[in-house]
Amino acid sequence: MILYVSVGLLGLLSLTIPVGIVLFLLGIGIDQFFTPFPLVRGMGQMIWSASNSSTLIAIPFFVLLGEVLVRGGVAAKTYGALDKWMSWLPGGLIHANIGTATMFSATSGSSVATAATVATVAMPQAEKLGYDPRLFSGAIAAGGTLGIMIPPSINLIVYGFLTESSIPQLFLAGLIPGLLLAVAFSVVTALICMLRPNLGGERRFFPLREMLAGLVHLIPILILFAAIVGSIYRGWATPTEAAAVGVGMAFLIAAFSGGVNWPMLHEALLGTMRITAMIMLVVLGAAFLNFTLSAAGLGRELRAFMDGLGLSPLMMLMVIVLIYIVLGFFIETLSLMVVTIPIMVPIVVGLGYDAIWFGILMIVLVEMALITPPVGLNLYVVQGARKSGRLSEVMVGCIPYALIMLLMAFALIAFPGLALWLPANL
């Protein structure tokens, strides 16, 4: 059955069948070939039970929040402000790319949306100021991955939903690793540009008056992040309620920026419906597949196989990390999560590891999948914004940042407190 699921998943995806449909087809195949019970008759009830969750309502709210900020013109002003504060570093404007991606990660909850936002605003500057296209575009693609780590994160909401873990605890756990990744991205950029100054473009310095004036455009985003995350942590609102409040605040911010009009509203709502429909199809397909996998006993079969290897818990964890790295080359990130969570999480918890901690480790590995070919979505998002050059340039530019993510994964294994300290103390 393990072979059937692996070959079936990769085979159907190679036919470019939508991921959500692939998950349903795999579930139906398991029902037909591996169980004596007519599980497919429970499909309707499974879909209803999975979709009838107040937790999942947070997803369209967070998507709409990001759409409003992007289409309301807030991103360009945030980028301009960070340009004035960070362009003096070795690497110049590349640090503004990473800083803007970090700030929008703290509001949008989506890596692809974050990468698209920063790429749209930043790419016109690359050629004009003489930046190396590989490092410049690679930093945008890597910075965009922070959207699924720094709270609020749609992927963490899905992980919490599928594992019945505390979403506020997951948000807390992802904050320190996410910020450390952002700092590490800037550090490695500065080191590269100190060794190879021609890659970083011109370092620019601005008068203090202009720098202070730019802070006006950063304050609304910081307030928005504090309101959303703070209300969840303090117990004043659920993630869904906080997301709804965030949407209202995002509209106010966009309105004060002069970016709210009927075409903008139409595009934001249409984009929200498209992204939400895609996410929900994957989540519902995963719910049905998980139901059939559980009934067919795949979890027991895989656990028996892993136990038969005779490895220590740490070595078993390293095998799981390797599996995620390999699968990340071929499977889209959200799909990778929802397919593997019901299989891997019980094994990891059975080894004595914490489910919240493993959720953050998984997110780091899934972030790598966003910038590794051939399926890394952020690569194509950034290349689409470039409108010239080769995709291979973006891939090469992502290499140092992918290595940083790998180091972060090992750091989480060596020092679990990086993820667990905040949840344990707040």
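Give the residue, chosen from G200, G144, that is buried (at least 24 other Cβ atoms within 10 Å of the Cβ) and farther than 29 Å from S335 by Cβ. Among G200, G144, only G200 is buried (at least 24 other Cβ atoms within 10 Å of the Cβ) and farther than 29 Å from S335 by Cβ.
With respect to F225, determine if the residue is under 30 Å from N425 (Cβ atoms), touching a helix residue (DSSP H, G or I) at 6+ places or on another chain (Cβ under 9 Å), surrounded by 12 or more Cβ atoms within 10 Å (Cβ to Cβ) and in contact (Cβ under 8 Å) with a residue 12 or more places away in the chain. It is true that F225 is under 30 Å from N425 (Cβ atoms), touching a helix residue (DSSP H, G or I) at 6+ places or on another chain (Cβ under 9 Å), surrounded by 12 or more Cβ atoms within 10 Å (Cβ to Cβ) and in contact (Cβ under 8 Å) with a residue 12 or more places away in the chain.
Here is a yes/no grid of residues against (1) under 18 Å from the mean Cα position of the chain (by Cα); (2) over 30 Å from S294 (Cβ atoms); (3) part of a loop (DSSP other than H, G, I, E, B):
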position	(1), (2), (3)
T107	yes, yes, no
V121	no, yes, no
K128	no, yes, no
I140	yes, yes, no
G143	yes, yes, no
N155	yes, no, no
F171	yes, no, no
L180	yes, yes, no
V187	no, yes, no
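Of the residues making up the stretch 80-95, just one is within 26 Å of P263 (Cβ to Cβ) and either in contact with a Leu (Cβ under 9 Å, 6 or more places away or on another chain) or polar (S, T, N, Q) (or both), namely A81.
Whether any residue in the stretch 229-236 is among the β-branched types (V, I, T), assigned to a helix (DSSP H, G or I) and either at pLDDT 85 or above or over 19 Å from the mean Cα position of the chain (by Cα) (or both) is what I want to check. Checked against the condition, which is being among the β-branched types (V, I, T), assigned to a helix (DSSP H, G or I) and either at pLDDT 85 or above or over 19 Å from the mean Cα position of the chain (by Cα) (or both), the stretch 229-236 yields at least one hit. Would it be correct to say that I150 is more than 27 Å from S392 (Cβ to Cβ) and either in a loop (DSSP other than H, G, I, E, B) or free of Cβ contacts under 8 Å to residues at least 12 places away in the same chain (or both)? Yes; evaluated as a whole, the condition is true for this residue. Among helices (runs of 4 or more DSSP H) entirely within the stretch 275-374, having at least 3 residues that are modelled with pLDDT of 75 or more singles out 313-328, 333-350, 355-370.
The values are calculated or read from the model by the stated rules, or taken from the named source; none is laboratory data. Quick caveat: nothing in here was measured; it's all calculated off a predicted structure. Don't worry about glycine lacking a Cβ; one is built from the backbone with ideal geometry, like all the others, and counts go over all protein chains shown.
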